[in-house]
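To start, the structure itself, in structure tokens.
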Amino acid sequence: MRIPDLLEYAIEKETGKYNIKDLKEAALNLSKRYMDNKRTGESFLRTGLDTISYSVIRMPATYSAIRTCLEKIKELKDFNINSLLDIGSGTGAAEWAVTEMFDVNDIVCLEREKAMRDLSKKYFSYNEELKNVKFIEADILNEELKESKDLCILSYMINELSEKNRLKVIEKVLLCTNKVLLVVEPGTPEGFENVKRIREYAFEKGYEIIAPCTGFNGRCDIPENDWCASSVRVQRTKIHKYLKDAEIGFEDEKFSYIAISTSKQKLNIDKNLKRILRHPKIQNGRIEVKTCMQGEIKEELITKKNKEEFKLLKKKNVGDLF
Ligand SMILES: C[S@@+](CC[C@H](N)C(=O)[O-])C[C@H]1O[C@@H](n2cnc3c(N)ncnc32)[C@H](O)[C@@H]1O
């Protein structure tokens, strides 16, 4: 997946205002801080250099993960989404993804850090559709959300909160979601743990889980020491390759997510759909695939004898329906 041409152009223009060596150093420091993975609730994206290097090395991946989740939701139910609230909106990845998929005319970004808001506004100024995005300059922990929106997104944000605040934020956001809440987290054990807790909380409160779980009824056979993640192949831009000293032109972004319906009416999504849990292994005319349906995990073997399924499965990726 590639970021939109217009966003690539905006990033190129804005990064052109910085010294490339400074950008590279900032990107390196940022990667190190992400690896250290200390979650204190404090942001490490505060300066212009930090945020612009974030937008080069992370925004294409977060954009692609959000876009993939939206595609998965749309595949199951074609929601009419007119308004969006993005919490911890950062450099605005979700706004680019959502406006490509839905006809949204009311967008609000809630972001605590000024440097992040400033950069997202700069990028939005390149795109007619994003010029009227409104901002709430606040910490979600202290903010009372007054308006409801059709779609609410928390992308790569819950893991930045301290543990005790995570479900408090989910509770608050669910109450102002008209149709769908989408939470995206890194595809790590920690990210999946967050998603699992959110799923349990939402299910207990009577909300319907849209994706990735199919026909979720409280059962989940993922063992304690394992986790469930989807993946998307992200095309690297030239500057991304340079800042990361990368030779390969793409990277695989792994993410865990949960899409929750807040509609009072049941969605009537087919409960008997299977989701692929691991990338299918193709060998000597056989495909081994791990699938999940209603929380039950199965290892399946598809041979060439089963022509249609075999052909279909060859094109599938982890996270796809099958
Ligand atoms: C890793 S970035 C993700 C940005 C964007 N959602 C994306 O997917 O690219 C997390 C963002 O959440 C913001 N954030 C973290 N905690 C917050 C809070 N309590 N209130 C508002 N924003 C917060 C940070 O400032 C940062 O911009």
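The values are calculated or read from the model by the stated rules, or taken from the named source; none is laboratory data. All values derive from a computational prediction rather than experimental measurement. FYI the Cβ positions are ideal-geometry reconstructions off the backbone, even for glycines, and counts take in every protein chain you see. Ligands, DNA and RNA are excluded from the accessible area calculation, which covers all protein heavy atoms including side chains. Shrake-Rupley method; radii C 1.70, N 1.55, O 1.52, S 1.80 Å.
Worth pointing out:
- Distance from region 142-156 to region 244-322 (C-alpha centre basis), Å: 30
- Extension gain for Gln235 to Asp106 (0.36 nm times residue separation, less C-alpha to C-alpha distance): 43.5 nm.
- Heavy-atom accessible surface of region 275-314, averaged per residue, reaches 69 Å², computed with a 1.4 Å probe.
- A simple packing score, the average count of other Cβ atoms within 10 Å per residue, orders the peptides 155-164, 219-228, 55-64 as 55-64, 155-164, 219-228, with the highest score first.
- Sites Ile20 and Gln265 - FRET efficiency at Förster radius 41 Å, r taken between beta-carbons, to 0.05: 0.20
- The charge dipole of region 5-261, taken about the Cα centre with unit charges on the Cβ atoms of Lys, Arg (+1) and Asp, Glu (-1), comes to about 380 debye, rounded to the nearest 20.
- In straight-distance terms, cross-link reach from Lys77 covers every one of the aspartates and glutamates whose alpha-carbon lies under 12 Å from its own, apart from those fewer than eight places away in the same chain; here that gives Asp270.
- Backbone N within region 226-267 under 19 Å of label point (7 Å from Leu28 Cα along the Cβ vector): 239-248
- Segment Ile248-Tyr201, extension gain: residue separation times 0.36 nm, minus the distance between their alpha carbons: 12.9 nm
- For the chain, the fraction of 1.4 Å probe accessible surface lying on carbon and sulfur atoms is 47 percent.
- Full extension of the segment from Lys77 to Glu299, taken as 0.36 nm per residue of separation minus the current Cα-Cα distance, would add 77.2 nm.
- Amide N of region 102-134 lying under 20 Å from the label point, which is placed 7 angstrom from the Cα of Tyr9 along Cα→Cβ: 119-133
- Accessible solvent surface per residue of region 5-261, calculated while the other protein chains remain in place, 1.4 angstrom probe, Å²: 45
- DSSP beta bridges confined to the chain are antiparallel in about 60 percent of cases.
- Expected 222 nm ellipticity per residue - DSSP helices of 4 or more, -39500 (n - 2.57), all of the chain, to 500: -11500 deg cm²/dmol
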